[in-house]
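The values are calculated or read from the model by the stated rules, or taken from the named source; none is laboratory data. From a predicted model like this one, the values you see are computed outputs, not experimental measurements. Backbone-built Cβ (ideal geometry, glycine too); neighbour counts: all protein chains shown. Accessible surface is based on the protein model in full, side chains and every heavy atom, while ligands, DNA and RNA are left aside. Shrake-Rupley method; radii C 1.70, N 1.55, O 1.52, S 1.80 Å.
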Amino acid sequence: MLPACGDNMAAPVRIILEFGGGAELLFDGMKKHHVTLAGQEQPWDIKQLLVWIQRNLLKERPELFVQGDSVRPGILVLINDADWELMGELEYQLQDQDNIVFISTLHGG
Amino acid sequence: FWSKEMSEDVSSLKAQLEEKKNEIAILSRKLAQLEKGQTSAPELHHKVTSLNPLTEKPALSREDILRYSRQLLLPELGVRGHLNISKTSVLIVGCGGLGCPVAQYLAAAGIGRLGLLDYDEVELSNLHRQVLHGEENQGQAKALSAASTIKRLNSSVECVPYHLQLTPDNALQLVQQYPHITSVVAIATSSNNVPTRYLVNDSCVLSGKPLVSASALRMEGQLTVYNYQGGPCYRCLYPVPPPPETVTNCSDGGVLGVVPGIMGCFQALEVLKMASGQGSSCSQQLVMFDAQDSRWRSIRLRPRQPDCAVCGEKPSVTRLVDYEAFCGSAATDKCRKLNLLSKDQRITVQEYKCLLDTASPHLLLDVRPLVEVDICSLPFSLNIPLSGLAERKEDNLLLLRDRISQLKQQMAGDCQPAVYVICKLGNDSQTAVQVLEKMMSGSELSNFTVKDVIGGLMAWATIIDPTFPQY
Ligand SMILES: [Zn+2]
């Protein structure tokens with residue numbers, strides 16, 4: 001018999017990450033990323049996702065994206081087309097197939 | 001009896017006379033139009049003055065009915081809605097890529113009064129997106145140029161062009177003047193710097209006006225209606241201003257003119273819905289437009305925040321403050337000037353010209369992105385974009401090492417080869433010098449002297465070579 005995963009091991013989470021309003025320029029200009037987060041004991045939350053993004057996607061100049069353990073001022077986070085403020089911000093627990101958008105506010109005209 | 005010839009002459013003369021009469025009528029109309037246009041040319045305001053109340057129209061004239069018939073037929077609007085629009089005053093902050101279409105569609109729809117504010121003059125590089133200005137308006141105040149075009153479109157709209165900068169000292173006085181008759185006033189902003197956005201927001205909150213705000217950059221647009229029907233204000237969403245170095249404006253990032261055009265039309269739509277009495281559906285909503293993928297997206301935003309500094313329960317901002325200090329950046333759309341290097345790490349364009357004239361061996365490294373190098377470049381420069389240097393891309397480093405060793409061979413004795421870094425304005429070139437120095441100390445590159453050219457290619461164009469393109 002194959003060794004089973006630990007009982008309290010959560011399944012991997014597949015999410016769609018999007019960057020817009022210029023934030024995509026920090027990620028080689030790629031607006032959409034299909035991402036699978038490995039299964040872990042605790043469910044994934046946005047705080048951990050930010051760390052994951054820094055380690056895996058963000059190569060240069062992290063100060064243009066994060067500040068402390070949150071996003072820098074001027075970046076809006078959207079969880080399934082809603083302002084993250086309505087969803088629990090950093091504590092929001094990621095569900096399979098979630099759509100997380102990081103949008104930089106534009107200042108042109 | 002008239003002969004056949006005679007009667008032919010008569011009818012030919014009659015036809016000629018008729019033709020001349022038509023010509024006279026056309027000329028008289030042209031003259032009348034010109035005279036009318038001259039007398040009603042809008043007067044440019046250099047400071048905020050108090051305005052007379054709008055003269056209220058009790059009913060629609062026969063001409064009004066003909067002119068606005070297509071919108072009067074809309075059940076959502078009707079006569080009542082149209083009369084409401086004609087009583088509405090709107091202040092448009094910025095007569096640029098967004099402000100132009102906003103003003104154009106509001107005027108066409110018969111808005112009562114338009115305040116048109118801009119402190120800039122029309123430049124050639126504005127014309128691809130700022131569609132109220134024409135080639136002959138270059139050098140003219142944007143507010144006046146916009147007002148003249150609007151007057152030609154609809155002479156019954158009252159235009160108030162303001163050639164001034166919005167400041168904490170004049171903003172409230174100005175904003176409070178809009179509206180006069182109805183309680184509906186919208187402030188459409190296309191101001192593209194962060195301090196002005198906070199200034200306009202706070203002025204609207206403190207005087208109880210809704211703010212129809214949009215922005216556009218590259219191939220994207222965003223729109224939200226703030227401080228409307230209990231919804232959040234700009235500060236509710238962005239309590240802390242972004243770090244200045246993260247803000248990109250149109251002259252840095254580029255923009256396709258039709259994108260602000262679309263967003264400005266969208267602003268005009270929301271203003272007209274509010275003015276006519278239907279109300280906007282964009283309160284507590286962020287509408288995003290991705291022109292590349294032709295995709296619109298509507299985001300549900302947080303409600304008004306009880307702890308908001310200006311619209312919350314215990315506001316700390318009860319009058320306008322110093323927004324440049326608050327944001328740590330200037331209230332201008334012009335580019336920032338970095339100062340990362342010491343004086344001996346930089347040379348002027350004049351000094352660089354001397355180096356060229358004396359054929360002093362060196363390498364000119366252009367660190368702009370490829371898209372800008374395609375527009376124009378100095379033919380003898382080597383292009384490696386700053387991003388390629390910063391990420392230490394192997395083929396870029398190889399190229400650089402090659403060119404430096406070539407340079408060494410050309411030079412007599414053990415002189416150090418010289419590299420001069422240039423970019424558009426002299427900001428990125430400073431960062432690049434720091435990156436290169438780091439690579440030398442980490443012995444990724446052999447030693448050479450490296451300096452940047454102050455003011456970049458745009459200084460080269462203004463001071464040394466007027467035929468070099470500016471963008
Ligand atoms: Zn607020």
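Counting only other chains, and only Cβ atoms inside 10 Å, what mean value do you get across the residues of B:379-391?
Neighbouring Cβ atoms belonging to other protein chains average 1 per residue here.
Once you charge only the Cβ atoms, +1 for Lys and Arg and -1 for Asp and Glu, what is the size of the charge dipole of chain A about its Cα centre, to the nearest 20 debye?
That gives a dipole near 420 debye.
Shape call for the protein assembly as shown from the C-alpha gyration tensor, a ≥ b ≥ c root eigenvalues: rounded (a/c under 1.5), prolate (a/b greater than b/c) or oblate?
oblate
Which residues' amide hydrogens lie under 5 Å from the amide hydrogen of A:Gln67, considering only partners 5 or more residues apart or on another chain, with H built in the peptide plane?
Placed amide hydrogens put A:Arg72 under 5 Å from A:Gln67.
Efficiency by 1/(1 + (r/R0)^6): what FRET value for A:His34 and B:Lys438, r their Cβ-Cβ distance, R0 = 35 Å, to the nearest 0.05?
For R0 = 35 Å, the calculated efficiency reads 0.50.
Projected onto the charge dipole of region B:6-142 (+1 at Lys/Arg Cβ, -1 at Asp/Glu Cβ, origin at the Cα centre), which of B:Ala32, B:Ser69, B:Val122 gives the Cα projection farthest towards the positive end?
It is B:Ser69, whose Cα lies furthest towards the positive end.
Sort B:Cys100, B:Cys265 from largest to smallest accessible area, using a 1.4 Å probe on the heavy atoms of the protein chains.
Per-residue accessible area, sorted high to low, gives B:Cys265, B:Cys100.
Around B:Gln140, what is the net charge, scoring Lys/Arg as +1 and Asp/Glu as -1 over all other residues with Cβ under 15 Å from its Cβ?
-4
Helix-only mean residue ellipticity at 222 nm, chain A, DSSP H runs n ≥ 4 weighted -39,500 (n - 2.57), per residue, nearest 500. What is it?
When only DSSP H runs of four or more count, the value is -3000 deg cm²/dmol.
Chains B and A: how much accessible area gets covered up at their contact, both sides added, probe 1.4 Å, in Å² to the nearest hundred?
2900
Which aspartates and glutamates, on any chain, are close to B:Lys451 with Cα under 14 Å apart, when same-chain ones fewer than 8 places away are left out?
Within reach: B:Asp344, B:Glu351, B:Asp366, B:Asp428, B:Glu437.
Report the local net charge at B:Pro385: Lys and Arg +1, Asp and Glu -1, summed over other residues whose C-beta lies under 11 Å from its C-beta.
-2
So what is the calculated 222 nm ellipticity per residue for chain B, using -39500 (n - 2.57) for each DSSP H run with n of 4 or more, over all residues, to the nearest 500 deg cm²/dmol?
-11500 deg cm²/dmol
Suppose accessible area is computed on protein heavy atoms with a 1.4 Å probe; arrange A:Thr105, B:Thr318 from highest to lowest.
B:Thr318, A:Thr105
What are the principal axis extents of the Cα atoms in region B:55-156, in Å, biggest first?
Dimensions of region B:55-156 along the principal axes of its Cα atoms: 41, 22, 21 Å.
Kindly sort B:Val10, B:Val349 by accessible area of their heavy atoms, largest first, with the probe set to 1.4 Å.
B:Val10, B:Val349
Quick one: how many Å² of B:Asp118 are accessible to a 1.4 Å probe, rounded to 10?
About 20 Å², rounded to the nearest 10.
Compute, for B:Glu135, the solvent-accessible surface of its heavy atoms (probe 1.4 Å) with the complete set of protein chains present, and express it in square angstrom to the nearest 10.
Accessible surface of B:Glu135 is approximately 140 Å².
Please work out whether region B:221-292 counts as rounded, prolate or oblate from its C-alpha gyration tensor, where a ≥ b ≥ c are the square roots of the eigenvalues and a/c under 1.5 means rounded, while otherwise a/b larger than b/c means prolate and anything else oblate?
Oblate, because a/c is 1.5 or more while a/b does not exceed b/c.
Roughly speaking, what is the centre-to-centre gap between region B:442-468 and region B:372-434 when only Cα atoms are used, to the nearest Å?
Each part reduced to its Cα centre gives a spacing of 9 Å.
Distance cut-off 24 Å, Cα to Cα: go down the list B:Lys393/B:Lys438; B:Lys209/B:Lys337; B:Lys337/B:Lys438; B:Lys353/B:Lys393 and report the pairs above it.
B:Lys209/B:Lys337; B:Lys353/B:Lys393
For region A:13-104, with every protein chain kept in place, what is the accessible area per residue (1.4 Å probe, Å²)?
Per residue, region A:13-104 has 46 Å² of solvent-accessible surface.
Any idea what diffusion coefficient chain B gets from Stokes-Einstein, in µm²/s, Kirkwood Rh on alpha carbon pairs, 10 °C, 1.306 mPa s?
For these conditions, the coefficient is 61 µm²/s.
With only Lys, Arg, Asp and Glu charged, each at its Cβ (+1 for the first two, -1 for the last two), find how big the charge dipole of the protein assembly as shown is about the Cα centre; round to the nearest 20 debye.
So the magnitude is around 1300 debye.
Roll a 1.4 Å probe over the protein chains and send me the accessible area per residue for chain B in Å².
In whole numbers, chain B has 50 Å² accessible per residue.
Tell me which of A:Asn99, A:Gly88, A:Val35 sits at the most positive position along the dipole axis of region A:13-104, charges placed on C-beta atoms (Lys, Arg +1; Asp, Glu -1).
Result: A:Val35, furthest along the dipole toward the positive end.
Collect residues whose amide H, placed 1.01 Å from N in the peptide plane, falls under 5 Å from the amide H of B:Asp366; neighbours closer than 5 in sequence don't count.
B:Leu382, B:Asn383, B:Ile384, B:Ile422
Each label point is 7 Å from the Cα along the Cα-to-Cβ direction; what then is the distance between the points at B:Gln16 and B:Leu378, in nm?
Result for the modelled spin labels: 7.1 nm.
Using R₀ = 22 Å, calculate the FRET efficiency as 1/(1 + (r/R₀)^6) where r is the Cβ-Cβ separation of B:Asn339 and A:Glu63; round to 0.05.
The computed FRET efficiency comes out at 0.75.
List the lysines whose alpha-carbon lies under 17 Å from that of B:Lys57, not counting same-chain residues fewer than 8 positions away?
Once the sequence-local lysines are set aside, what remains near B:Lys57 is B:Lys87.
How much of B:Leu206 can a 1.4 Å solvent probe reach, expressed as accessible area in Å² and rounded to 10?
Rounded to the nearest 10, the figure is 60 Å².
Roughly how many percent of the accessible protein surface of region A:13-104 is carbon and sulfur, given a 1.4 Å probe and a whole-percent answer?
Answer for region A:13-104 is 46 percent, counting heavy atoms of protein chains only.
If I compute solvent accessible area with a 1.4 Å probe over the protein chains, what percent of it on chain B is carbon and sulfur?
Of the solvent-accessible surface of chain B, carbon and sulfur hold 54 percent.
Please list, short to long, the whole-number percent of alpha-carbon pairs of region A:13-104 in consecutive 10 angstrom bins beginning at zero.
Going out from 0 Å in 10 Å bins, region A:13-104 shows 16, 57, 26, 1 percent.
Can you return the aspartates and glutamates within cross-link range of A:Lys31? Criterion is Cα-Cα under 18 Å, with same-chain partners fewer than 8 residues away left out.
Cross-link targets: A:Glu18, A:Glu60, A:Asp81, A:Asp98, B:Glu220, B:Asp290, B:Asp293.
Compute the signed sum of charges (Lys and Arg +1, Asp and Glu -1) over the other residues within less than 13 Å, Cβ to Cβ, of B:Tyr228.
+2
Spin-label point model (7 Å from Cα, Cβ direction): what's the B:Thr462 to B:Gln409 distance in nm?
4.1
Give the peptides B:424-432, B:227-235, B:443-451, A:55-63 in descending order of average Cβ contacts within 10 Å, highest first.
Packing proxy ranking, top to bottom: B:424-432, B:227-235, B:443-451, A:55-63.
With unit charges on the beta carbons (Lys and Arg positive, Asp and Glu negative) and the dipole taken about the Cα centre of chain B, which residue among B:Met439, B:Gln173, B:Gly312 sits farthest to the positive side?
Selected residue: B:Gly312.
Taking each residue in B:238-245, count the Cβ atoms of any other chain within 10 Å of its Cβ, then average. What number comes out?
Per residue, the number of nearby Cβ atoms from other chains is 4 on average.
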